[in-house]
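These notes concern the structure reproduced below.
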Amino acid sequence: MHSPMQHAPPSAWIDQHIRLVNRQPRVLDLACGGGRHTRLCLRLGCAVTAVDRNIDAIADLATNPMATLIQADLEHGPWPLAGQQFGAVIVCNYLHRPLFPCIFASVAPGGLLLYDTFAAGNEHFGQPRNPDFLLRPDELQERLPDNFTVLAYRHGQVDTPKPAMRQSLCARRNPAI
């Protein structure tokens with residue numbers, strides 16, 4: 001008998017703020033990697049669409065009726081979710097600025113955007129060091145469309161799970177009037 005595969009714990013920021021979503025929404029976990037946030041949302045009873053260029057790490061979820069797995073190259077292919085909206089969109093440890101309009105449009109009215117990634121200054125702690133992958137101070141708030149309300153924001157050093165410079169945002173898209 002083998003032991004179950006160990007998965008990285010969810011980002012503390014995502015874990016804290018995902019609980020602000022409306023009851024059991026459809027969630028998009030963009031650039032989901034090993035699926036730590038997909039798994040968290042599934043445990044919370046949400047239907048999850050998980051997207052990554054390599055979905056091998058989440059293949060065990062393929063038979064879960066609440067999980068939709070999409071293999072897509074977000075940086076070199078077409079946006080795989082055209083016209084779809086979600087009650088929450090999670091982006092963690094991923095930054096490709098040309099996708100911002102698609103990401104913002106994927107949040108349904110009344111839905112949440114949960115973004116948590118590396119920021120300028122992280123080059124002092126390790127990878128990533130390339131400014132293309134580091135948010136400038138207040139960049140998420142500045143790029144957020146006017147139809148979103150910021151519920152929580154931080155930019156600064158964190159010590160767990162390891163020291164890093166991070167920028168995190170929790171914003172709700174204003175309900176349609």
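Given the criteria assigned to a strand (DSSP E or B), modelled with pLDDT of 95 or more and over 22 Å from PRO101 (Cα atoms), does THR49 qualify?
Working: assigned to a strand (DSSP E or B): yes; modelled with pLDDT of 95 or more: yes; over 22 Å from PRO101 (Cα atoms): no.
So THR49 fails the test.
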Exercise. Among the strands (runs of 3 or more DSSP E) confined wholly to region 60-139, which include 3 or more residues that are under 30 Å from GLN157 (Cβ atoms) and under 13 Å from the mean Cα position of the chain (by Cα)?
Worked result: 86-92, 107-118
Problem set entry | region 142-156, subset assigned to a strand (DSSP E or B) and either among the hydroxyl-bearing types (Ser, Thr, Tyr) or within 17 Å of the chain's Cα centre (by Cα) (or both), residue surrounded by the fewest Cβ atoms within 10 Å (Cβ to Cβ) | THR149
For this session: Would you mention how many residues in region 158-173 are farther than 16 Å from GLN16 by Cα, of a type outside the set (Lys, Arg) and surrounded by fewer than 14 Cβ atoms within 10 Å (Cβ to Cβ)?
Result: 2
For this session: Can you run down the residue pairs with Cβ atoms below 6 Å, 6 or more apart or on separate chains, where the first is in region 62-73 and closer than 16 Å to GLY34 by Cα and of a type in the set (Ser, Thr, Tyr) and the partner is at pLDDT 95 or above and crowded, with 16+ Cβ neighbours inside 10 Å?
Result: THR68/THR49
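Give the residues of region 27-46 that are in a helix (DSSP H, G or I) and not charged (D, E, K, R), sorted by residue number. Even if it seems obvious, please write down each step before you answer.
Of region 27-46, the ones in a helix (DSSP H, G or I) are 36-43.
Answer for region 27-46, where residues must be in a helix (DSSP H, G or I) and not charged (D, E, K, R): HIS37, THR38, LEU40, CYS41, LEU42.
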Exercise. Restricted to region 126-140, and to residues that are out of contact with any Gly (no Cβ under 9 Å at 6 or more places or on another chain) and surrounded by 15 or more Cβ atoms within 10 Å (Cβ to Cβ), which residue is nearest to CYS170 (Cα to Cα)?
Worked result: LEU140
Problem set entry | Unmet requirement for LEU114, which otherwise passes all of (1) free of Cβ contacts under 8 Å to residues at least 40 places away in the same chain; (2) surrounded by 13 or more Cβ atoms within 10 Å (Cβ to Cβ) | (1)
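The values are calculated or read from the model by the stated rules, or taken from the named source; none is laboratory data. Treat the numbers as computed from the prediction; the structure is a model and nothing was measured. Glycine also receives a Cβ, built like all others from the backbone with ideal geometry; neighbour counts cover every protein chain displayed.
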